[in-house]
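Below is one structure, written out as structure tokens, with a few remarks after it.
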Amino acid sequence: MIVRSVTLGSFRNYAALDFQPSPGLNLIVGRNAQGKSNLLEAIAMLGTGKSFRTSRESELVQHGQSLAFVNGVAELSHGSVTLSCRIVSAGGVTRKTYAVNGAPVRFASFLGSIKVVTFVPADLLLVTGPPSLRRAMLNATLAQERATYYADLARYAKHLAQKSAYLRTATSPDPRLLATYNALLAELAARLLLARARYVTQLTRAAAAIHRRWIPGGAPLSAVYHPSPALRDYAAGEAELRLQIGAALEEALPRELARRQCLVGPHRDDVELLLGELPLAQFGSQGQQRTAVLALKSAEYAVLRERTGEAPVLLLDDVLSELDAQRQEAFLGSVEGYEQAFVTATALPALEIGSAHYVVEGARLSRIR
Amino acid sequence: MPSIAGPVQSLINEFAKLPTIGPKTAARLVFYLLAQPRGEAASLAEAILALKDKVRSCSQCFSITEDDPCEICRDPRRDPRLLCVVAEPKDIFALERTGVYRGRYHVLGGLISPMEGIGPDQLRVRELIARVGQESPSEVVIATNPNAEGEATALYLSRLLQPLGVTVSRLAYGLPIGGELDYADEVTLAKAIEGRRILEK
């Protein structure tokens, strides 16, 4: 898919911007704090409806304004789509509204209208960083692919927050209310677990193939899903998994009551990366870890493309400069069949890339090639 | 800027406290009232005071009423075998507009939400159990909102009520009537598929 136009109003440091990107690779160069990442953030929002940089979305609205918007037109493999996201921030409350082809829609229907794969410097910690990064990696793809995954995830988070609040605040917790939350959580957890297990299977296959091409004969890269509770047999199906998760939640209840915390469930899932038999986080060199991250990101792109039949828009925010020329080339070469990419850098990269070059200076974008 | 007369400003401030009313709308309402005859203002003021003086909670269903018990609880034509549980009195008005439901109601006074400090003890759950024991309805219909809190409250109540030997049902989730399938969002559609029903022969 190709983003044909992006229009911003009062978004971050952009008072107004009308940008017609090119197909292929758009290279955006500029010093820090000129608006490179803000532009990528806006494009990502057209796909995910959310900022990839902040959860405090009032920051998205330009200082002194109360309404910001991101509009875009994208060309899909069949037809085109007009997307609009408005962010209203007033009186300490920030609300977003969405429209597809001019008609207002809910977040769940907006999400995934165009697919994006983002790669930001924080992703370089995928192997060694906290599990939340790896869960976010799973969620990014699965939520864009299916609105029902996002809905399950959001409902899971809601029930979990309520159960946590109850564990934290109730003086004598009602076991029937806890059993109620556990039943609701087990139902959603079973679906999340199945979706994640299937995705990791596909991701590890794609990542291993890319890694093998880069390092022929080296120890194979693999990603292993560690769900919470630690179940192994997913083949039994959703109903059976729900029972097993329900039993694990019941078993964990005394510990949860003692610690006043939710200790079991997909909010505790992790994905472990192995090189051969060895966990990369403990035993990999920095170079090996970095190569694994690149293979994973490239695999993420390949799987989302395969699953949706559309070539996602690739967004690389300030990551190329973190990579040597050889890795830059290997990574861009491995992302197969992308139709459009946006790459930001503080200086022209060592590599000769890009079908269009832009410079950003004080929220003004000008094409230099 | 010259300051507005004191009584004008204070009524603007009062109106602006109401839900969905901002300072601009509040000012419009106040200037409208200012242009009306005194009688209009008096009847508005009386109506507002009557709201607090005359409206009370029904001792049986906890809906709002002028006379206790409320009109619905007093009505002998209401089917005593059906009891519908709602979160707020306003939900009764929505359900009554359908004219389809002929049973009685029970108002919980909210939904279970520990994040907002609302557990079962803060709602009229104990009263519901007592009513089911006394009135022995054959079915309790739970009509809570289709959001996370409504869902948790419904499931919690069903776990409490089922051991008492009463049938517990919940309103269906699904497609709006007169709508088109391809306009429904995926989540609603998925729920409608889950809740599909067999057509009668």
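The values are calculated or read from the model by the stated rules, or taken from the named source; none is laboratory data. Remember, predicted model here, so these are calculated numbers, not experimental data. Every residue, glycine as well, gets a Cβ built from its backbone with ideal geometry; the counts of neighbours run over all protein chains shown. Ligands, DNA and RNA are excluded from the accessible area calculation, which covers all protein heavy atoms including side chains. Shrake-Rupley method; radii C 1.70, N 1.55, O 1.52, S 1.80 Å.
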Checklist entry - Tally Lys and Arg at +1 and Asp and Glu at -1 over the other residues with C-beta under 14 Å from the C-beta of residue B:46: what net charge comes out? => result +1
Item to check | Dipole magnitude of segment A:123-309 about its Cα centre (Cβ charges: Lys, Arg +1; Asp, Glu -1), debye to nearest 20 | outcome: 380
Checklist entry - Picking from A:278, A:193, A:138, which is most flexible by a Gaussian network model of chain A using Cα springs under 10 Å? => result A:278
Checklist entry - Of A:16, A:311, A:94, which is farthest along the charge dipole of chain A in the positive direction, counting Lys and Arg as +1 and Asp and Glu as -1 at C-beta? => result A:94
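Which shape class applies to segment A:101-159: rounded if a/c is under 1.5, otherwise prolate when a/b exceeds b/c and oblate if not, where a ≥ b ≥ c are the square roots of the Cα gyration tensor eigenvalues? Mind dumping the intermediate values first?
Numbers: a/c = 3.09, a/b = 1.57, b/c = 1.97.
Oblate, since a/c reaches 1.5 and b/c is not below a/b.
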Checklist outcome for this item: Once phi for every residue in segment B:166-176 is put through the Karplus expression 6.51 cos²θ - 1.76 cosθ + 1.60 (θ = phi - 60°), the whole-Hz ³J(HN,Hα) values, with Gly and Pro written as x, are 9, 6, 10, 10, 9, 4, 6, 9, x, 7, x
Checklist entry - Just A:115, A:163, A:36 to compare: in a GNM of chain A, with alpha carbon springs under 10 Å, which one fluctuates most? => result A:163
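Using +1 on the beta carbon of Lys and Arg, -1 on that of Asp and Glu, and nothing else charged, what's the dipole of the protein assembly as shown about the Cα centre, debye to 20? Write down the numbers at each step before the final one.
Details: 64 positive and 58 negative charges, 69 e Å.
Computed about the Cα centre, the dipole is about 340 debye.
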Next on the checklist: What do you get for the angle between helix A:36-48 and the principal long axis of chain A? Use alpha-carbon atoms, 0 to 90 degrees, nearest ten.
Outcome noted: 50
Next on the checklist: What Kirkwood Rh does the protein assembly as shown have if only Cα atoms enter the pairwise 1/r average? Answer in Å.
Outcome noted: 27.7
Checklist entry - ³J(HN,Hα) across segment A:172-182 via Karplus (A = 6.51, B = -1.76, C = 1.60, θ = phi - 60°), whole Hz, x for Gly/Pro? => result 10, x, 7, x, 6, 6, 5, 5, 5, 4, 4
Checklist entry - So what's the angle, to the nearest 10 degrees on a 0 to 90 scale, between helix A:131-145 and the longest Cα principal axis of chain A? => result 70
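Ordering B:92, B:4, B:193, B:72 by accessible area with a probe of 1.4 Å, largest first, what comes out? Each step should come with its number before you reach the end.
Numbers: B:92 5, B:4 75, B:193 105, B:72 35 Å².
Output order, biggest surface exposure first: B:193, B:4, B:72, B:92.
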Item to check | Interchain or long-range residues, amide H under 5 Å from residue B:168's placed H | outcome: B:140
Item to check | Calculated P(r) tail over 23 Å for segment A:49-208, as whole % of Cα pairs | outcome: 55
Next on the checklist: If you average 1/r across every pair of different Cα atoms in segment A:123-309 and take the reciprocal, what Kirkwood value do you get, in Å?
Outcome noted: 17.6
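What Kirkwood hydrodynamic radius do you get for chain B when you take the inverse of the mean 1/r over all pairs of distinct Cα atoms, in Å? All intermediate terms of the calculation are to be shown ahead of the outcome.
Values: mean 1/r = 0.0489 Å⁻¹.
Result for chain B stands at 20.4 Å.
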Next on the checklist: Under 10 Å, Cα contacts only: if you run a Gaussian network model on chain A, which one of A:131, A:104, A:175 comes out with the highest mean-square fluctuation?
Outcome noted: A:175
Checklist entry - What angle, in degrees between 0 and 90 and rounded to the nearest 10, separates the Cα long axis of helix A:325-334 from the longest principal axis of the Cα atoms of chain A? => result 70
Checklist outcome for this item: Computed ³J(HN,Hα) along segment A:77-93: with the Karplus parameters 6.51/-1.76/1.60, θ = phi - 60°, integer Hz and x for glycine or proline, the list is 5, 10, x, 10, 9, 10, 10, 9, 10, 10, 10, 10, 10, 8, x, x, 10
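Looking at this model, which pairs from B:24/B:90; B:52/B:90; B:54/B:90; A:96/A:163; A:36/A:96; A:50/B:191 are more than 20 angstrom apart at the alpha-carbon?
Numbers: B:24/B:90 27 Å; B:52/B:90 16 Å; B:54/B:90 18 Å; A:96/A:163 27 Å; A:36/A:96 23 Å; A:50/B:191 25 Å.
Violating the 20 Å Cα-Cα cut-off are B:24/B:90; A:96/A:163; A:36/A:96; A:50/B:191.
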Checklist entry - Under 5 Å between amide H atoms, partner at least 5 residues away or on a different chain: which partners does residue B:61 have, H built in plane at 1.01 Å? => result B:70
Checklist entry - What figure in square angstrom, to the nearest 10, would you give for the accessible area of residue A:57 with a 1.4 Å probe? => result 30
